[in-house]
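Read through the structure below, which is laid out as C-alpha coordinates, and then see the notes.
The values are calculated or read from the model by the stated rules, or taken from the named source; none is laboratory data. Please read all numbers here as calculations on a predicted model, not as lab measurements. Cβ placement follows ideal geometry from the backbone for every residue including glycine, while neighbour counts extend to all protein chains displayed. Quick note on the areas: whole protein, heavy atoms, side chains included, nothing else; ligands and nucleic acids left out. Shrake-Rupley method; radii C 1.70, N 1.55, O 1.52, S 1.80 Å.
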Amino acid sequence: MTADPAAARSTGPSTGPSADPVSGPVSGPTGTARPYTTPIRTADWHTGGEPFRIVPEPPPVLTGPGLTVAERRTVAIADAGAQWTRALLCGEPRGHADMYGAFLVPPDDAGAHLGALFWHKDGFSTACGHGTIALGAWAVATGLVAAPPDGTTDVVIDVPSGRVTAAVRTAGGRVADVTFVNVPGHVHARGVEVATSYGSLTVDIAFGGAMYAVLPVDRLGPGPRVRPGDVTALIAAGREIRDALNAVRAAEHPDDDRLSGVYGTVFTEEAAAPVELADGTRRLHHRNVTVFADGQVDRSPCGSGTAARVALLADAGELRPGDELRHESVVGSVFRARIERTATVHGRPAVVPAVTGTAYATGTGRFTVDPDDTLVPGFVLR
(Lines give C-alpha, C1' and ligand atoms only; values in the text may rest on other atoms or scores of the structure.)
Protein backbone atom coordinates (compact mmCIF):
# COMPACT_ATOMS: atom_id res chain seq x y z
CA MET A 1 0.00 0.00 0.00
CA THR A 2 1.14 3.53 -0.70
CA ALA A 3 -0.19 6.48 1.24
CA ASP A 4 -0.69 8.91 -1.63
CA PRO A 5 -4.01 10.81 -1.63
CA ALA A 6 -2.97 12.62 -4.81
CA ALA A 7 -2.67 9.29 -6.56
CA ALA A 8 -6.10 8.34 -5.22
CA ARG A 9 -7.54 11.46 -6.80
CA SER A 10 -6.10 10.47 -10.16
CA THR A 11 -7.67 7.03 -10.20
CA GLY A 12 -10.52 7.07 -12.68
CA PRO A 13 -13.21 4.46 -13.34
CA SER A 14 -12.62 1.69 -15.85
CA THR A 15 -14.22 -1.60 -16.72
CA GLY A 16 -11.19 -3.25 -18.29
CA PRO A 17 -8.45 -5.29 -16.64
CA SER A 18 -5.34 -3.65 -15.25
CA ALA A 19 -2.60 -3.12 -17.81
CA ASP A 20 0.18 -3.84 -15.31
CA PRO A 21 1.66 -7.27 -16.04
CA VAL A 22 2.62 -9.85 -13.45
CA SER A 23 4.96 -12.65 -14.38
CA GLY A 24 3.80 -16.24 -14.56
CA PRO A 25 0.37 -17.88 -14.53
CA VAL A 26 -1.64 -17.83 -11.33
CA SER A 27 -3.60 -20.98 -10.54
CA GLY A 28 -6.27 -21.40 -7.89
CA PRO A 29 -6.40 -24.18 -5.33
CA THR A 30 -8.84 -26.14 -7.51
CA GLY A 31 -6.56 -25.90 -10.52
CA THR A 32 -8.72 -23.33 -12.28
CA ALA A 33 -7.33 -19.97 -13.32
CA ARG A 34 -7.65 -17.30 -10.67
CA PRO A 35 -9.72 -14.28 -11.67
CA TYR A 36 -6.74 -11.93 -11.80
CA THR A 37 -3.28 -12.49 -13.26
CA THR A 38 -2.52 -8.79 -13.04
CA PRO A 39 -2.34 -6.39 -10.06
CA ILE A 40 -5.58 -5.02 -8.70
CA ARG A 41 -5.65 -1.25 -8.25
CA THR A 42 -7.65 0.33 -5.45
CA ALA A 43 -8.36 3.75 -4.01
CA ASP A 44 -8.65 3.55 -0.22
CA TRP A 45 -10.78 5.99 1.77
CA HIS A 46 -12.37 6.19 5.20
CA THR A 47 -15.65 7.68 6.37
CA GLY A 48 -15.80 8.45 10.06
CA GLY A 49 -13.01 5.95 10.65
CA GLU A 50 -14.64 3.10 8.70
CA PRO A 51 -12.49 1.86 5.79
CA PHE A 52 -13.75 1.83 2.22
CA ARG A 53 -11.68 0.20 -0.54
CA ILE A 54 -12.83 1.29 -4.01
CA VAL A 55 -12.10 -1.10 -6.90
CA PRO A 56 -12.64 0.76 -10.20
CA GLU A 57 -11.78 -2.35 -12.27
CA PRO A 58 -13.99 -5.18 -11.00
CA PRO A 59 -14.08 -8.80 -12.18
CA PRO A 60 -15.38 -8.65 -15.77
CA VAL A 61 -18.33 -10.94 -14.99
CA LEU A 62 -19.84 -8.02 -13.06
CA THR A 63 -19.73 -5.50 -15.90
CA GLY A 64 -21.75 -7.15 -18.67
CA PRO A 65 -24.67 -5.28 -20.26
CA GLY A 66 -28.35 -5.60 -19.46
CA LEU A 67 -28.27 -6.13 -15.70
CA THR A 68 -29.38 -3.95 -12.82
CA VAL A 69 -27.03 -3.44 -9.90
CA ALA A 70 -29.29 -5.64 -7.76
CA GLU A 71 -28.92 -8.39 -10.38
CA ARG A 72 -25.16 -7.88 -10.48
CA ARG A 73 -25.10 -8.53 -6.74
CA THR A 74 -26.82 -11.87 -7.37
CA VAL A 75 -24.18 -12.65 -10.00
CA ALA A 76 -21.38 -11.68 -7.60
CA ILE A 77 -22.74 -13.92 -4.85
CA ALA A 78 -22.90 -16.90 -7.21
CA ASP A 79 -19.61 -16.31 -9.05
CA ALA A 80 -16.53 -17.99 -7.58
CA GLY A 81 -14.23 -15.47 -9.24
CA ALA A 82 -15.99 -12.43 -7.78
CA GLN A 83 -16.05 -14.05 -4.36
CA TRP A 84 -12.34 -14.90 -4.64
CA THR A 85 -11.47 -11.30 -5.50
CA ARG A 86 -13.60 -9.98 -2.64
CA ALA A 87 -11.88 -12.37 -0.22
CA LEU A 88 -8.45 -11.42 -1.55
CA LEU A 89 -8.97 -7.68 -1.01
CA CYS A 90 -10.90 -7.98 2.23
CA GLY A 91 -9.12 -10.75 4.12
CA GLU A 92 -5.68 -10.85 5.66
CA PRO A 93 -2.91 -10.16 4.82
CA ARG A 94 -4.28 -7.50 2.41
CA GLY A 95 -7.16 -6.49 4.64
CA HIS A 96 -8.68 -7.45 7.96
CA ALA A 97 -11.90 -8.72 9.53
CA ASP A 98 -13.51 -5.27 9.46
CA MET A 99 -12.45 -4.23 5.96
CA TYR A 100 -15.15 -2.86 3.66
CA GLY A 101 -15.18 -1.92 0.00
CA ALA A 102 -16.97 -1.90 -3.33
CA PHE A 103 -16.63 -2.97 -6.93
CA LEU A 104 -17.66 -0.17 -9.29
CA VAL A 105 -20.09 -1.45 -11.92
CA PRO A 106 -22.28 0.11 -14.62
CA PRO A 107 -25.40 1.87 -13.27
CA ASP A 108 -28.92 0.72 -14.07
CA ASP A 109 -29.32 3.46 -16.68
CA ALA A 110 -27.95 6.83 -17.75
CA GLY A 111 -29.68 8.54 -14.84
CA ALA A 112 -26.86 7.54 -12.46
CA HIS A 113 -23.14 8.24 -12.60
CA LEU A 114 -22.05 4.80 -11.40
CA GLY A 115 -23.12 1.59 -9.75
CA ALA A 116 -21.58 -0.01 -6.67
CA LEU A 117 -21.48 -3.53 -5.26
CA PHE A 118 -20.60 -3.26 -1.59
CA TRP A 119 -18.63 -6.07 0.04
CA HIS A 120 -17.21 -7.15 3.39
CA LYS A 121 -15.60 -10.27 4.81
CA ASP A 122 -18.82 -12.28 4.69
CA GLY A 123 -20.16 -11.31 1.28
CA PHE A 124 -22.02 -8.57 -0.58
CA SER A 125 -24.35 -6.15 1.23
CA THR A 126 -27.43 -4.40 -0.14
CA ALA A 127 -26.60 -0.89 1.07
CA CYS A 128 -23.78 1.09 2.62
CA GLY A 129 -24.16 4.66 3.81
CA HIS A 130 -20.53 5.28 4.73
CA GLY A 131 -19.55 3.83 1.34
CA THR A 132 -21.99 6.12 -0.44
CA ILE A 133 -20.41 9.12 1.28
CA ALA A 134 -16.93 7.92 0.30
CA LEU A 135 -17.97 7.27 -3.31
CA GLY A 136 -19.45 10.75 -3.60
CA ALA A 137 -16.26 12.34 -2.30
CA TRP A 138 -14.10 10.10 -4.51
CA ALA A 139 -16.15 10.84 -7.65
CA VAL A 140 -15.74 14.60 -7.21
CA ALA A 141 -12.10 14.42 -6.07
CA THR A 142 -11.12 12.32 -9.11
CA GLY A 143 -13.05 14.48 -11.56
CA LEU A 144 -15.40 11.65 -12.55
CA VAL A 145 -18.20 14.08 -11.69
CA ALA A 146 -17.39 17.72 -12.38
CA ALA A 147 -17.94 20.07 -9.46
CA PRO A 148 -17.41 23.81 -8.91
CA PRO A 149 -14.81 25.01 -6.39
CA ASP A 150 -17.65 26.16 -4.14
CA GLY A 151 -21.09 24.63 -4.21
CA THR A 152 -22.98 21.35 -4.01
CA THR A 153 -22.88 18.63 -6.67
CA ASP A 154 -25.09 15.54 -6.82
CA VAL A 155 -23.43 12.19 -7.46
CA VAL A 156 -26.10 9.62 -8.31
CA ILE A 157 -25.26 6.02 -7.46
CA ASP A 158 -27.18 2.80 -8.12
CA VAL A 159 -26.78 0.28 -5.30
CA PRO A 160 -28.55 -3.06 -4.76
CA SER A 161 -31.25 -1.51 -2.55
CA GLY A 162 -32.04 1.26 -5.06
CA ARG A 163 -30.83 4.62 -6.33
CA VAL A 164 -29.16 6.98 -3.85
CA THR A 165 -27.74 10.47 -4.18
CA ALA A 166 -24.57 11.82 -2.59
CA ALA A 167 -24.69 15.62 -2.45
CA VAL A 168 -21.03 16.66 -2.32
CA ARG A 169 -20.33 20.11 -0.91
CA THR A 170 -17.10 21.71 -2.05
CA ALA A 171 -15.37 24.74 -0.52
CA GLY A 172 -12.17 26.26 -1.83
CA GLY A 173 -11.83 23.46 -4.38
CA ARG A 174 -11.93 20.67 -1.77
CA VAL A 175 -14.65 18.32 -0.62
CA ALA A 176 -16.09 19.71 2.64
CA ASP A 177 -18.74 17.10 3.38
CA VAL A 178 -21.18 14.74 1.72
CA THR A 179 -24.90 14.30 2.34
CA PHE A 180 -26.43 11.11 1.04
CA VAL A 181 -30.15 10.89 0.47
CA ASN A 182 -31.06 7.29 1.06
CA VAL A 183 -33.87 5.05 -0.12
CA PRO A 184 -37.04 5.34 2.01
CA GLY A 185 -36.69 3.81 5.45
CA HIS A 186 -39.51 2.32 7.46
CA VAL A 187 -40.26 0.54 10.70
CA HIS A 188 -40.60 -3.17 10.07
CA ALA A 189 -41.60 -4.32 13.57
CA ARG A 190 -41.75 -2.98 17.11
CA GLY A 191 -41.24 -4.79 20.39
CA VAL A 192 -39.89 -8.06 19.03
CA GLU A 193 -38.88 -10.44 21.81
CA VAL A 194 -35.65 -12.36 21.30
CA ALA A 195 -34.14 -14.93 23.66
CA THR A 196 -30.43 -14.38 24.36
CA SER A 197 -27.80 -15.21 26.96
CA TYR A 198 -28.70 -11.80 28.46
CA GLY A 199 -32.26 -13.01 28.89
CA SER A 200 -35.27 -12.04 26.81
CA LEU A 201 -34.58 -8.76 25.02
CA THR A 202 -37.02 -6.46 23.23
CA VAL A 203 -35.79 -5.01 19.94
CA ASP A 204 -37.21 -2.91 17.12
CA ILE A 205 -36.53 -3.77 13.48
CA ALA A 206 -36.25 -1.09 10.81
CA PHE A 207 -35.17 -0.85 7.19
CA GLY A 208 -32.63 1.78 6.13
CA GLY A 209 -31.39 0.11 2.93
CA ALA A 210 -30.87 -3.07 4.96
CA MET A 211 -32.71 -4.53 7.93
CA TYR A 212 -31.42 -3.63 11.41
CA ALA A 213 -32.36 -4.74 14.90
CA VAL A 214 -32.14 -1.71 17.22
CA LEU A 215 -32.12 -1.58 21.01
CA PRO A 216 -30.77 0.59 23.84
CA VAL A 217 -27.49 -0.88 25.04
CA ASP A 218 -28.61 -0.76 28.67
CA ARG A 219 -31.06 -3.58 27.94
CA LEU A 220 -28.01 -5.84 28.12
CA GLY A 221 -27.78 -5.01 31.81
CA PRO A 222 -25.15 -3.11 33.81
CA GLY A 223 -22.19 -4.34 31.74
CA PRO A 224 -21.57 -3.34 28.10
CA ARG A 225 -21.90 0.24 26.93
CA VAL A 226 -21.12 2.03 23.65
CA ARG A 227 -17.38 2.33 24.19
CA PRO A 228 -14.31 0.75 22.59
CA GLY A 229 -13.53 -1.43 25.59
CA ASP A 230 -16.89 -3.21 25.30
CA VAL A 231 -16.72 -3.98 21.58
CA THR A 232 -15.95 -7.68 22.08
CA ALA A 233 -19.03 -8.18 24.24
CA LEU A 234 -21.19 -6.17 21.83
CA ILE A 235 -20.02 -8.27 18.89
CA ALA A 236 -21.13 -11.43 20.68
CA ALA A 237 -24.48 -9.91 21.66
CA GLY A 238 -25.05 -8.50 18.17
CA ARG A 239 -24.41 -11.86 16.54
CA GLU A 240 -26.69 -13.59 19.01
CA ILE A 241 -29.56 -11.19 18.38
CA ARG A 242 -29.15 -11.29 14.61
CA ASP A 243 -28.99 -15.08 14.45
CA ALA A 244 -32.01 -15.54 16.72
CA LEU A 245 -34.14 -13.13 14.67
CA ASN A 246 -33.08 -14.60 11.35
CA ALA A 247 -33.81 -18.12 12.60
CA VAL A 248 -37.49 -17.16 12.88
CA ARG A 249 -37.46 -14.97 9.73
CA ALA A 250 -38.35 -11.87 11.72
CA ALA A 251 -37.17 -9.40 9.07
CA GLU A 252 -38.78 -10.37 5.77
CA HIS A 253 -38.80 -7.47 3.32
CA PRO A 254 -42.36 -6.83 2.06
CA ASP A 255 -41.34 -6.48 -1.59
CA ASP A 256 -37.88 -7.93 -2.32
CA ASP A 257 -36.63 -11.07 -0.60
CA ARG A 258 -33.06 -10.13 -1.51
CA LEU A 259 -33.38 -7.39 1.14
CA SER A 260 -34.72 -9.74 3.81
CA GLY A 261 -32.92 -10.77 6.98
CA VAL A 262 -31.37 -8.79 9.81
CA TYR A 263 -28.07 -7.42 8.49
CA GLY A 264 -26.91 -5.70 11.67
CA THR A 265 -27.65 -4.96 15.30
CA VAL A 266 -27.53 -1.34 16.46
CA PHE A 267 -26.87 -0.66 20.16
CA THR A 268 -27.82 2.89 21.12
CA GLU A 269 -27.59 5.26 24.05
CA GLU A 270 -28.43 8.91 24.58
CA ALA A 271 -25.25 11.01 24.62
CA ALA A 272 -27.01 14.22 25.71
CA ALA A 273 -30.51 15.46 26.38
CA PRO A 274 -32.39 16.92 23.38
CA VAL A 275 -31.74 20.61 22.80
CA GLU A 276 -34.63 22.90 21.88
CA LEU A 277 -33.46 25.49 19.35
CA ALA A 278 -34.77 29.02 18.86
CA ASP A 279 -36.49 28.13 15.58
CA GLY A 280 -38.59 25.45 17.28
CA THR A 281 -36.57 22.49 16.03
CA ARG A 282 -34.62 20.07 18.18
CA ARG A 283 -31.17 18.55 18.12
CA LEU A 284 -30.83 14.99 19.38
CA HIS A 285 -27.45 13.51 20.29
CA HIS A 286 -27.23 9.73 20.39
CA ARG A 287 -24.31 7.33 20.42
CA ASN A 288 -24.31 3.91 18.75
CA VAL A 289 -22.26 0.94 17.73
CA THR A 290 -23.42 -1.19 14.82
CA VAL A 291 -22.43 -4.85 14.60
CA PHE A 292 -23.12 -6.01 11.06
CA ALA A 293 -22.66 -9.09 8.89
CA ASP A 294 -20.94 -11.78 10.96
CA GLY A 295 -19.51 -9.67 13.77
CA GLN A 296 -18.05 -6.68 11.94
CA VAL A 297 -17.97 -3.42 13.89
CA ASP A 298 -18.70 -0.18 12.07
CA ARG A 299 -16.20 2.46 13.14
CA SER A 300 -18.43 5.15 11.65
CA PRO A 301 -21.93 5.89 12.98
CA CYS A 302 -23.14 3.57 10.16
CA GLY A 303 -24.96 5.25 7.29
CA SER A 304 -27.71 2.72 6.61
CA GLY A 305 -27.98 2.02 10.34
CA THR A 306 -28.43 5.75 10.93
CA ALA A 307 -31.13 5.74 8.25
CA ALA A 308 -32.93 2.92 10.08
CA ARG A 309 -32.57 4.88 13.31
CA VAL A 310 -34.14 7.96 11.66
CA ALA A 311 -37.13 5.82 10.61
CA LEU A 312 -37.62 4.59 14.18
CA LEU A 313 -37.24 8.03 15.78
CA ALA A 314 -39.60 9.59 13.23
CA ASP A 315 -42.18 6.88 13.84
CA ALA A 316 -41.99 7.55 17.59
CA GLY A 317 -42.36 11.31 17.09
CA GLU A 318 -38.94 11.97 18.59
CA LEU A 319 -37.42 13.23 15.32
CA ARG A 320 -39.59 15.65 13.37
CA PRO A 321 -39.05 17.36 10.01
CA GLY A 322 -36.47 20.07 10.63
CA ASP A 323 -34.90 18.29 13.60
CA GLU A 324 -31.35 16.95 13.51
CA LEU A 325 -29.92 13.73 14.92
CA ARG A 326 -26.25 13.88 15.82
CA HIS A 327 -25.33 10.21 15.60
CA GLU A 328 -21.99 9.42 17.20
CA SER A 329 -19.93 6.27 16.61
CA VAL A 330 -17.97 4.12 19.02
CA VAL A 331 -14.78 6.00 18.00
CA GLY A 332 -16.35 9.46 18.36
CA SER A 333 -17.01 10.33 14.71
CA VAL A 334 -20.38 11.94 13.95
CA PHE A 335 -23.01 11.81 11.22
CA ARG A 336 -25.75 14.45 11.11
CA ALA A 337 -29.12 13.08 10.00
CA ARG A 338 -32.50 14.59 9.25
CA ILE A 339 -35.75 13.75 7.51
CA GLU A 340 -35.52 14.82 3.88
CA ARG A 341 -39.18 14.07 3.25
CA THR A 342 -41.93 11.68 4.23
CA ALA A 343 -43.15 8.90 1.97
CA THR A 344 -45.32 5.80 1.80
CA VAL A 345 -43.77 2.49 0.75
CA HIS A 346 -45.33 -0.95 0.74
CA GLY A 347 -48.47 0.65 2.18
CA ARG A 348 -46.75 1.87 5.31
CA PRO A 349 -45.37 5.25 6.45
CA ALA A 350 -41.72 5.86 5.58
CA VAL A 351 -39.17 8.63 5.65
CA VAL A 352 -36.41 9.51 3.23
CA PRO A 353 -33.38 10.29 5.40
CA ALA A 354 -30.47 12.58 4.59
CA VAL A 355 -27.20 11.73 6.35
CA THR A 356 -24.15 14.02 6.32
CA GLY A 357 -20.56 12.97 6.98
CA THR A 358 -17.03 13.32 5.67
CA ALA A 359 -14.67 10.98 3.83
CA TYR A 360 -10.94 11.17 3.23
CA ALA A 361 -8.45 9.43 0.96
CA THR A 362 -5.98 7.27 2.89
CA GLY A 363 -3.93 5.80 0.05
CA THR A 364 -3.83 3.79 -3.11
CA GLY A 365 -3.21 0.09 -3.55
CA ARG A 366 -1.64 -2.18 -6.14
CA PHE A 367 -2.38 -5.64 -4.82
CA THR A 368 -0.61 -8.63 -6.33
CA VAL A 369 -0.61 -12.41 -5.99
CA ASP A 370 2.64 -14.35 -6.03
CA PRO A 371 2.10 -17.63 -7.94
CA ASP A 372 3.87 -19.51 -5.13
CA ASP A 373 1.74 -18.00 -2.36
CA THR A 374 -0.32 -20.71 -0.65
CA LEU A 375 -2.29 -18.30 1.55
CA VAL A 376 -4.63 -16.99 -1.11
CA PRO A 377 -7.17 -15.54 -1.34
CA GLY A 378 -6.40 -14.99 2.35
CA PHE A 379 -7.90 -15.59 5.76
CA VAL A 380 -9.72 -13.82 8.58
CA LEU A 381 -8.88 -14.14 12.26
CA ARG A 382 -11.51 -12.94 14.72
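Axis angle, to the nearest 10 degrees, between helix 303-315 and the longest C-alpha principal axis of the chain: 20 degrees. With every protein chain in place and a 1.4 angstrom probe, the accessible-area ranking of E270, E324, largest first, reads E270, E324.
With R₀ set to 22 Å, the beta-carbon distance separating A278 from R320 gives a calculated FRET efficiency near 0.90. For segment 208-278, with all protein chains in place and a probe radius of 1.4 Å, 52% of the accessible heavy-atom surface sits on carbon or sulfur. Per residue, the chain exposes 39 Å² of solvent-accessible protein surface, assessed with a 1.4 angstrom probe and all protein chains in place. With contacts taken as Cα pairs under 8 Å and at least 6 residues apart, the chain reaches a relative contact order of 20 percent. Accessible surface ranking for R174, R382, R282, 1.4 angstrom probe, highest first: R174, R382, R282. Other residues lying with their Cβ under 12 Å from the Cβ of D122 contribute a combined charge of +3, Lys and Arg counting +1, Asp and Glu -1.
Taking a point 7 Å out from the Cα of D243 in the direction of its Cβ, the residues of segment 285-308 whose backbone N falls within less than 12 Å of it are 294-295. Once you reduce segment 357-382 and segment 37-75 to the center of their Cα atoms, the two points are 14 Å from each other. For the Cα trace of segment 71-169, dividing Rg by the Kirkwood Rh returns an Rg/Rh value of 1.00.
Peptides 57-66, 286-295, 255-264 ranked from most to least packed by the mean count of surrounding Cβ atoms within 10 Å: 286-295, 255-264, 57-66.
What angle, in degrees between 0 and 90 and rounded to the nearest 10, separates the Cα long axis of helix 69-78 from the longest principal axis of the Cα atoms of the chain? Value to nearest ten degrees: 70.
Compute for segment 265-382: radius of gyration divided by Kirkwood radius, i.e. Rg/Rh, restricted to C-alpha atoms, rounded to two decimals.
Here the Rg-to-Rh quotient is 1.13.
Within the shell defined by Cβ-Cβ distances under 14 Å, the residues around H327 carry a net charge of -1, with Lys and Arg each +1 and Asp and Glu each -1. Residue ranking by accessible heavy-atom surface, 1.4 Å probe, largest first, among Y212, Y360 comes out as Y360, Y212. For percent of Cα pairs over 34 Å apart, one of [x] 25; [y] 40; [z] 33 was computed from the structure I shared and the rest are decoys. Which label? Calculated percent of Cα pairs over 34 Å apart: the matching label is [x].
Assign one of three labels to segment 177-241, namely rounded, prolate or oblate, based on the Cα gyration tensor with a ≥ b ≥ c the square roots of its eigenvalues; rounded applies when a/c is under 1.5, prolate when it is not and a/b is larger than b/c, and oblate otherwise. Taking the square roots of the gyration eigenvalues as a ≥ b ≥ c, segment 177-241 is oblate.
Estimated from helical segments only, the mean residue ellipticity of the chain at 222 nm is -5500 deg cm²/dmol, where each DSSP H run of four or more residues counts as -39500 (n - 2.57).
Comparing Cα centroids, segment 125-204 and segment 227-241 end up 24 angstrom apart.
Once all protein chains are placed together, E276 keeps about 120 Å² accessible to a 1.4 angstrom probe. Counted residue by residue at 0.36 nm each, then reduced by the alpha carbon distance between them, the extension gain from T196 to A343 reaches 49.4 nm. Using DSSP, restrict attention to beta bridges with both residues in segment 215-341 and report what percent are antiparallel, rounded to the nearest 5. Just about 70 percent of them are antiparallel. Leaving ligands, DNA and RNA out of it, report the carbon-plus-sulfur percent of the accessible area of segment 110-186 at a 1.4 Å probe. Percent of accessible area from carbon and sulfur atoms in segment 110-186: 49.
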